1. For 5, 32, give the ranking by accessible area with the largest first, probe 1.4 Å.
2. Plugging the Kirkwood radius over Cα pairs into Stokes-Einstein for segment 34-79, at a temperature of 37 °C and a viscosity of 0.692 mPa s, what D comes out in µm²/s?
3. Place a +1 charge on the Cβ of each Lys and Arg in the chain and a -1 charge on the Cβ of each Asp and Glu, then give the dipole magnitude about the Cα centre in debye, rounded to the nearest 20.
4. Below 8 Å between Cα atoms, with a sequence gap of 6+, how large is the relative contact order for the chain in percent?
5. With just the Cα atoms of the chain, tell me how far they stretch along each of the three principal axes, in Å, largest first.
6. Determine, for each peptide in 72-78, 10-16, the mean count of other beta carbons within 10 angstrom over its residues, then list the peptides with the highest first.
7. What is the angle, in °, between the Cα long axis of helix 32-42 and the longest principal axis of the Cα atoms in the chain? Nearest 10 is fine, range 0 to 90.
8. Select from 32, 65, 77 the residue farthest towards the positive end of the dipole of segment 31-109; place +1 on Cβ of Lys and Arg, -1 on Cβ of Asp and Glu, and compute about the Cα centre.
Amino acid sequence: HLIQTERHWLENLDDVIGGYPRLSDDWAGNSTLHVRATAAAYKSVRGLLDEMQRLSNEMVTYAASLPAEFVAHKASYFQAVSMLMEGSLPHILSHIDQIERAIAKAKEK
């Protein structure tokens with residue numbers, strides 16, 4: 001789920017920078033089928049964690065390289081910064097307790 005959501009944030013950033021921001025009141029989330037397919041594709045927790053690290057590195061690099069002409073368009077820039085500051089990291093952090101509980105439960109078995 002976190003991997004798919006990070007990809008979604010990157011796509012949204014592409015859209016905003018490209019001048020075609022997505023407009024919606026909500027987001028449908030990830031389908032369970034897609035989450036399972038992603039987990040199977042990466043085969044291990046290490047594979048999933050490595051992909052999250054790559055996506056995080058990509059997001060930081062992308063945000064650090066926003067072109068000056070985009071930054072000059074304050075409304076679009078504000079939308080991008082809001083998305084990055086209020087979306088990506090807070091979303092990951094909101095799942096930490098859930099992840100820790102799942103790890104503890106798995107250790108009990």
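1. Details: 5 5, 32 85 Å².
The ranking, largest first, comes out as 32, 5.
2. Details: Rh = 12.8 Å.
Taking Rh from Cα pairs, D becomes 257 µm²/s.
3. Details: 11 positive and 14 negative charges, 114 e Å.
Once rounded to the nearest 20, the dipole reads 540 debye.
4. Values: 41 pairs, mean separation 43.3, N = 109.
Relative CO of the chain lands at 40 percent.
5. Here the Cα extents, ordered largest to smallest, are 55, 28, 24 Å.
6. Values: 72-78: 11.9, 10-16: 16.4.
Highest to lowest by the protection proxy: 10-16, 72-78.
7. Taking Cα atoms only, the helix is inclined about 80 degrees.
8. Farthest along the dipole direction, towards plus: 32.
The values are calculated or read from the model by the stated rules, or taken from the named source; none is laboratory data. Not measured: the values here are computed from a predicted model. We place every Cβ from the backbone using ideal geometry, glycine too, and count neighbours over all the protein chains shown. Quick note on the areas: whole protein, heavy atoms, side chains included, nothing else; ligands and nucleic acids left out. Shrake-Rupley method; radii C 1.70, N 1.55, O 1.52, S 1.80 Å.
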